[in-house]
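All remarks here apply to the structure that follows.
The values are calculated or read from the model by the stated rules, or taken from the named source; none is laboratory data. What you see is a predicted model, and the numbers here were worked out from it, not measured in a lab. Here the Cβ is made from the backbone with ideal geometry for all residues, glycine too, and neighbour counts use every protein chain on show. Each accessible area value is taken on the protein alone, full model and side chains, heavy atoms only, with ligands, DNA and RNA left out. Shrake-Rupley method; radii C 1.70, N 1.55, O 1.52, S 1.80 Å.
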Amino acid sequence: MLSEKLVQKINNQIKYELYSAHLYYAMAAYCDSQDLPGFANFFKVQAEEERFHASKFYDFLNRMDARVLIYGLEEPKNDYSSVLDAFKASLDHEKSVTKRIYALTDIATEEKEHATISLLKWFIDEQVEEEDMFNGIIKKLQRIGNDSAALYMLDDELAQRTFTPPASPDTAAQ
Ligand code: MG
């Protein structure tokens with residue numbers, strides 16, 4: 001049985017993952033307002049990924065016979081000075097997610113809660129991917145600078161992104 005503390009922290013993480021989806025959806029809307037539908041698509045897919053993260057924690061609590069609680073969300077930032085600005089904000093956000101995942105792992109380790117540790121290992125790996133992905137796009141955007149032809153090429157590339165739930169032992173069984 002999970003401790004009350006761990007259940008509370010995981011419920012907070014569900015909120016944070018849902019907030020991440022909210023934030024990326026706002027970034028998608030910003031990109032659409034800049035006539036960059038490929039970038040908007042990228043953020044819409046990212047929002048779906050975040051909802052998937054929330055549902056992974058949700059399903060875990062449910063399977064562990066703990067109560068899932070859904071909390072209200074703060075209003076996300078809607079305005080950015082450029083797509084580069086939005087991607088820098090995304091990377092900062094992902095770094096804050098990583099810190100939260102590490103803090104959760106510390107608690108689960110202290111409590112010797114091995115099932116939770118196993119779940120969190122998936123998230124630790126996922127955060128490496130997320131930070132690397134945002135970093136990569138930031139570097140491309142920095143190289144692109146004011147070259148609008150190159151920016152539209154990247155927009156076309158990001159238009160191809162689709163959401164595919166990552167395979168993992170517990171999702172495969174669903
Ligand atoms: Mg996430």
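Residues of the range 117-136 that are over 14 Å from His53 (Cα atoms) and of a type in the set (A, V, I, L, M, F, W, C): Ile117, Val128, Met133, Phe134. Number of residues in the range 126-172 that are modelled with pLDDT under 95 and of a type in the set (D, E, K, R) equals 1. Taking the range 45-78 as the search range and keeping residues that are in contact with a Lys or Arg (Cβ under 9 Å, 6 or more places away or on another chain) and over 17 Å from Leu119 (Cα atoms), which one is nearest to the ligand (Cβ to nearest atom)? Here the answer is Gln46. Residues considered: Phe43, Phe60, Phe39. Of these, the only one that is modelled with pLDDT of 95 or more, farther than 23 Å from Ile144 by Cβ and part of a helix (DSSP H, G or I) is Phe60.
Could you tell me which residue of the range 33-53 is farthest from Asp85 (Cα to Cα), considering only residues that are free of Cβ contacts under 8 Å to residues at least 60 places away in the same chain and surrounded by fewer than 20 Cβ atoms within 10 Å (Cβ to Cβ)? Once the filter is applied, the top-ranked residue is Arg51.
Please verify whether Asp92 is charged (D, E, K, R), within 15 Å of the ligand (Cβ to nearest atom), open to solvent by 40 Å² or more (accessible area, probe 1.4 Å) and more than 22 Å from Asp147 (Cα to Cα), treating the condition exactly as stated. Yes, satisfied. Just one of (1) part of a helix (DSSP H, G or I); (2) of a type outside the set (Asp, Glu); (3) surrounded by 12 or more Cβ atoms within 10 Å (Cβ to Cβ) trips up Pro166, so point out which. Just one mismatch for Pro166, condition (1).
Checked against (1) in a helix (DSSP H, G or I); (2) within 19 Å of Tyr19 (Cα to Cα), Tyr71 meets all criteria but (1). Across the range 101-113, not a single residue is classified as of a type in the set (Asp, Glu), away from the ligand (no atom under 16 Å from the Cβ), more than 15 Å from the chain's Cα centre (by Cα) and within 16 Å of Ala28 (Cβ to Cβ).
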